[in-house]
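The values are calculated or read from the model by the stated rules, or taken from the named source; none is laboratory data. Computed from a prediction, not measured in an experiment: that's the story for all the values here. Here the Cβ is made from the backbone with ideal geometry for all residues, glycine too, and neighbour counts use every protein chain on show. Ligands, DNA and RNA are excluded from the accessible area calculation, which covers all protein heavy atoms including side chains. Shrake-Rupley method; radii C 1.70, N 1.55, O 1.52, S 1.80 Å.
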Amino acid sequence: MQLNQLTISELTAKLARREVSAREVLQSCLDQIGRVDGKIHAFLSHDADDALAQADAADKLLSEGGSAGRPLLGVPVAVKDVLAVKDQPLNCGSKILGQFVSPYNATVVDKLKAAGAIVFGRLNMDEFAMGSSTENSAFGVTRNPWDPTRIPGGSSGGSAAAVAADEVIAALGSDTGGSIRQPAALCGCVGLKPTYGRVSRYGLVAFASSLDQIGPFTKNVRDAATMLGVMGGHDPRDSTSVPQPVPDYAAALTGSSPDGPTIKGLKLGLPKEYLIGGLDAEVKSAVDAAVKTFQELGAEIVEISLPHTDYAVATYYIIATAEASANLARFDGIRYGRRVDGADPVELYSKTRGAGFGDEVKRRIILGTYVLSSGYYDAYYLRAQKVRTLIRNDFLKAYETVDAIITPTTPTAAFKIGEKSDDPLQMYLSDIFTISCNLAGICGISLPCGFTKNPKLPIGLQLLGRPFGEATLLQIAHAYERGTGWHSEKPPL
Ligand code: GLN
């Protein structure tokens, strides 16, 4: 195996034993980027000199025995183009930010660096994280490493594709309605959306502030646990981050059993509302097989009901667009990035925004402005907030009897580039299984659970956990992964 193909735990063990250097690990990622990124286009840019300097600093620390307290020392991690990294470009997949360079680090970036990670590269995404295919990027589409004629999912398509193609060891993305879990499913990696408030959003460019969370893309569940342990925690700079202690997620994987992880006696819920008509037969049979595996591992499967599921997509597209219309008002040509001059301020705003934003972002701003406008606020926005509470209550009620919920991550495997780009409603429906998790503010993970046959494309299994129940969620996911091994398959690059 090449170094760039290894997991965080494999690499940190080798680095600590000084069998390899951080520079060699990084170089092997850079080589892979050189080899495959022309085809995949996961990266918008990467600053190799800065990354090599970080690798040399990591090697110095390693030679001084500095790995204690630095669980990511020497591990290359790339970030979605929506997270601020000091002195690096920040575009959010949009033209509107022009030549903008971040003046500061996002809190998660500071935390990764403090843990020893080499943070480098800007990963492609749908403009302002609005989309499910990465086709809405202003900088060209990212391609699925399993089949370059297909989309990698979105909006964090660059993050998923980069990890799946072994261009980097782990990556960060953001998830507002599925943007970590859906691309992870379609590219065959592990994607974790933490509970709302688990991870600081400081330095994440806001799309819909009450739904957005930052989370990791990794090659296996253990690595997701390690990443979340580093990223989580209260941050005085984000008032929505919750002051709850961060558990030792990696330790939770082994549980109390000396023989390794066990999920014996845990109850897993199967929501009857998720067996919808549009569910692809191969996706359904992979999830059915996963349910069997869980039973063999000693879990009890319980049928549950989440009765307000049908309203999730509509509710999401009211709340998310309303918040987006307010958040994106700041891109006005005055303070940031690109400006198209006009005779007066109103003309300047409208020319700048007209030229800077793509079609999907404009569609959402118009929709969001409409649902917030006087006369419609009560009928749409206020009502959506009430339905959101009902959706959250469905989950809290389910968690009175089950420890986690099993669903497919997506209704189908990766679709063709161009297949849904002219049909926003079809595109919105590809998030039908992931959206409720954000509305409810709970945590969710997607992990590989099989492949379609012809062509061979990854299928994702989604597990949804209690608020702040990431430790149990990771324990269940880890047991499944050990019992199956789908995660170790590699795309034919
Ligand atoms: N695909 C969904 C949307 O377009 C979710 C995006 C996300 O999670 N950022 O809004």
In Å, the Kirkwood estimate of hydrodynamic radius for the range 161-258 over Cα pairs equals 14.0 Å
Filtering trypsin sites (Lys or Arg not before Pro) in the range 189-277 by DSSP loop and by at most 15 other Cβ atoms within 10 Å leaves R237, K264
Ratio of Rg to Rh over the range 277-328 (Cα coordinates, Kirkwood Rh, two decimals):
1.21
Could you let me know the centre-to-centre spacing of the range 5-75 and the range 206-281, using Cα atoms, in angstrom?
25 Å
Protection proxy ranking of 485-493, 160-168 - average other beta-carbon atoms within 10 Å, highest first
160-168, 485-493
For the chain, the accessible surface attributable to carbon and sulfur atoms (probe 1.4 angstrom, ligands and nucleic acids excluded) amounts in percent to 52 percent
Ordering 148-158, 20-30 by per-residue average of other C-beta atoms within 10 angstrom, highest first, gives 148-158, 20-30
In Å and whole numbers, how far do the C-alpha atoms of the range 48-126 stretch along each principal axis, longest first?
45, 22, 20
Added length on full extension, which subtracts the Cα-Cα distance from 0.36 nm per residue, E489 to D248:
84.0 nm
For the range 1-138, taking Cα atoms only, what is the radius of gyration to one decimal and the Dmax to the nearest whole Å?
15.5, 46
Debye calc, one equal point scatterer per Cα of the range 318-399, no solvent, log10 I(q)/I(0) at q = 0.11, 0.15, 0.18, 0.24 1/Å comes to -0.41, -0.64, -0.79, -1.06
Counting only residues 5 or more apart in sequence or on a different chain, those whose built amide H sits under 5 Å from that of F43 are N124
Simple spin-label estimate for V291 and A68 in nanometres, 7 Å along Cα-Cβ
5.0 nm
Counting Lys +1, Arg +1, Asp -1, Glu -1, what net charge surrounds N144 among other residues with beta carbon under 11 Å of its beta carbon?
+3
Using only Cα atoms, what Kirkwood radius does the range 306-452 have, in angstroms?
17.8 Å
Okay, helix-only estimate at 222 nm for the chain: each DSSP H run of n ≥ 4 adds -39500 (n - 2.57), divide by all residues, round to 500 deg cm²/dmol; what do you get?
-11500 deg cm²/dmol
From a point 7 Å beyond the Cα of K362 in the direction of its Cβ, which residues of the range 392-435 have a backbone N at a distance under 18 Å?
421-425
Given the chain reduced to its alpha-carbon atoms as identical point scatterers, what log10 I(q)/I(0) does the Debye formula return at q = 0.06, 0.07, 0.12 Å⁻¹?
-0.24, -0.33, -1.02
So if R0 is 35 Å, what FRET efficiency would Y376 and K416 give, r being the distance between their Cβ atoms, rounded to the nearest 0.05?
0.45
Computed over the range 83-153, the distribution of all Cα-Cα distances in 10 Å bins, rounded to whole %, is 21, 39, 33, 8
Over the Cα atoms of the range 122-192, compute the convex hull volume and normalise it per residue, giving Å³.
71 Å³
